[in-house]
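Taken together, the values in this text are just the output of simple stated rules run on the coordinates, not laboratory data. Since the structure is predicted, the reported quantities are computational estimates derived from the model, not experimental observations. Counting neighbours? That spans all protein chains shown, and the Cβs are built from the backbone with ideal geometry, glycine included.
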Amino acid sequence: MRKIIVLMVMFSIIFVACSGENEKDLMNSAKTKIQDQLYAEALVDFEKIVNDFPETDEAGLAFLEMAKLYQGRAIKTLSEKESYIKAVEYYQVVSNEYSHIEEAPGALFMSGFLLANEIHDLDNAKLAYESFLSKYPEHELAPSAQSELDNLGLTPEEILERAVAQPK
């Protein structure tokens, strides 16, 4: 009788473990929902990944995908500014907590870009660009980060005037 109970418990554990979705399944599900323009439903899958599997690289990628959705203003219940603020928040999570993933430098750059060009928080944009250049001086986006930093707060006209005035 005792062996039967032990076997039943083991089968129950295996059944429960196998029936749950893993982070890769959830990621695939979320990406399919994005293709079908079911953005709010995709967010639910991404949030499940970051909550249930926070130590995985997929969690970092889920934060990145959520940032992209908010940057693209896919969630219509938020104002433009709220959406950009949420995007920056998630890009910074990727940069700070998942710095080992390949997408982390781009996430840090995008946080600076949104802070400067959409939210108009120049002080924090400057910090983001300086952090980017400090952490990733050889990255392909480093020249763009330096250019953004050099032109921070300038109007397009001022940037053009500066470019024309510089000798080549």
Considering the range 37-92, residues that are touching a helix residue (DSSP H, G or I) at 6+ places or on another chain (Cβ under 7 Å) and among the polar types (S, T, N, Q), and then whichever is surrounded by the fewest Cβ atoms within 10 Å (Cβ to Cβ), we arrive at T56
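Can you find a residue in the range 48-66 that is out of contact with any Cys (no Cβ under 7 Å at 6 or more places or on another chain), free of Cβ contacts under 8 Å to residues at least 12 places away in the same chain and not in a loop (DSSP other than H, G, I, E, B)? Step through it out loud before you land on a result.
At the first step, the residues of the range 48-66 found to be out of contact with any Cys (no Cβ under 7 Å at 6 or more places or on another chain) are 48-66.
So of that shortlist, the ones also free of Cβ contacts under 8 Å to residues at least 12 places away in the same chain come out as 51, 54-55.
If we keep only those that are not in a loop (DSSP other than H, G, I, E, B) as well, we get 51.
Yes, because at least one residue in the range 48-66 is out of contact with any Cys (no Cβ under 7 Å at 6 or more places or on another chain), free of Cβ contacts under 8 Å to residues at least 12 places away in the same chain and not in a loop (DSSP other than H, G, I, E, B).
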Sole miss for S95 among (1) small (G, A, S); (2) in a helix (DSSP H, G or I); (3) surrounded by fewer than 17 Cβ atoms within 10 Å (Cβ to Cβ) is condition (3)
Those residues of the range 145-168 which are within 18 Å of L115 (Cβ to Cβ) and surrounded by 12 or more Cβ atoms within 10 Å (Cβ to Cβ) amount to A145, Q146, S147, E148, L149, N151, L152, L154, I159
Given the conditions (1) on the phi > 0 side of the Ramachandran plot; (2) assigned to a helix (DSSP H, G or I), every one holds for E82 apart from (1)
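Looking at F132, F109 in this structure, which one is more than 28 Å from K48 (Cβ to Cβ) and among the hydrophobic types (A, V, I, L, M, F, W, C)?
Step by step, each of F132, F109 is checked, and only F132 is more than 28 Å from K48 (Cβ to Cβ) and among the hydrophobic types (A, V, I, L, M, F, W, C).
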Counted residues in the range 84-106 being of a type in the set (A, V, I, L, M, F, W, C) and either touching a strand residue (DSSP E or B) at 6+ places or on another chain (Cβ under 9 Å) or within 23 Å of P156 (Cβ to Cβ) (or both) come to 2
